[in-house]
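One structure below.
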Amino acid sequence: MEPRIPPVSLTDADPETHELLSRLSRLRGDDAEVLNVFGTIANHPTLLRKWLVFATYALTKSTLDPRTRELVVLRVGWRCHAPYEWGQHVVVGRAAGLTDVDIARVAEGPNAPGWSSAEAAALRATDELHDRTTISDATWADLRPHFSDEQILDFVFLVGNYHLVSMALNACAVVRDDGVDDTTVPFPPSANA
């Protein structure tokens, strides 16, 4: 697959974008690598700077615990048929403590055995937001014992952010990064159908 908008590299970026991308880089030996999602959005530096404020909050500063956050992000990636999003958050999810069994169950959805009642409610609400852009009264009632008002707001905005990101990744045909390709983190086959 060829990207529709090739990512900006550190060497090709203007000085301000170079500085921003450098902060987003991860070290790989002697090389600094920019994730393709950031390199792609860097084609519009103003958008990248503005979006990163919210995306950083959603990923690292919200009131949701990392496990719930990563289950939800993976479910969004699965439901949006977004292999890039799925692959990156398999890696992030593992770092947050998700097991490969947890990750495989995400594809099965909220009714898969083994979820806590809070996790099942969050996954069900994720599916409802994806399918209907709202949460049913029944699912809302299932969320309430487990999540505060702030957490529910963070949850809804998390789903919305990663839905947007998945759409952008798919529309721009962003190529998966080295080390997160189909050989190391395959996208479950039924999503590709």
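Just so it is clear, none of the values below were taken in a lab; they were calculated from the coordinates. In this text the structure is predicted, and so the values were computed from the model without any measurement. Cβ coordinates were reconstructed from backbone atoms using ideal geometry, including for glycine residues, and neighbour counts include every protein chain displayed.
Key figures for this structure:
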| read-out | value |
| --- | --- |
| Cα-based radius of gyration of the chain once divided by 2.2 N^0.38 Å, which approximates compact folds | 1.04 |
| Convex hull volume of region 64-171 per residue (C-alpha atoms, cubic angstrom) | 87 |
| Alpha-carbon spread of region 117-190, three principal axes, descending order, Å | 41, 23, 23 |
| Kyte-Doolittle mean at least 0.0 and Cα axial length at least 15 Å: DSSP H helices in the chain | 45-56, 149-171 |
| Label zone at Val91 (point 7 Å along Cα-to-Cβ), backbone N below 16 Å, region 150-177 | 174-177 |
| Theoretical FRET efficiency, 1/(1+(r/R0)^6), r = Cβ-Cβ of Arg132 and Thr183, R0 30 Å, to 0.05 | 0.25 |
| For region 1-61: span of alpha carbons on each principal axis (Å, largest first) | 29, 28, 27 |
| Rounded, prolate or oblate (a/c below 1.5 giving rounded, otherwise prolate when a/b exceeds b/c) for region 69-121 by Cα gyration tensor | oblate |
| Net charge, Phe54 excluded, C-beta distance under 12 Å - Lys, Arg +1, Asp, Glu -1 | +2 |
| Simple label model, 7 Å out from Cα along Cβ direction - Val53 to Ala112, nm | 3.7 |
| Amide hydrogen neighbours beyond the local backbone of Glu33, cut-off 5 Å, H modeled | Arg26, Arg28 |
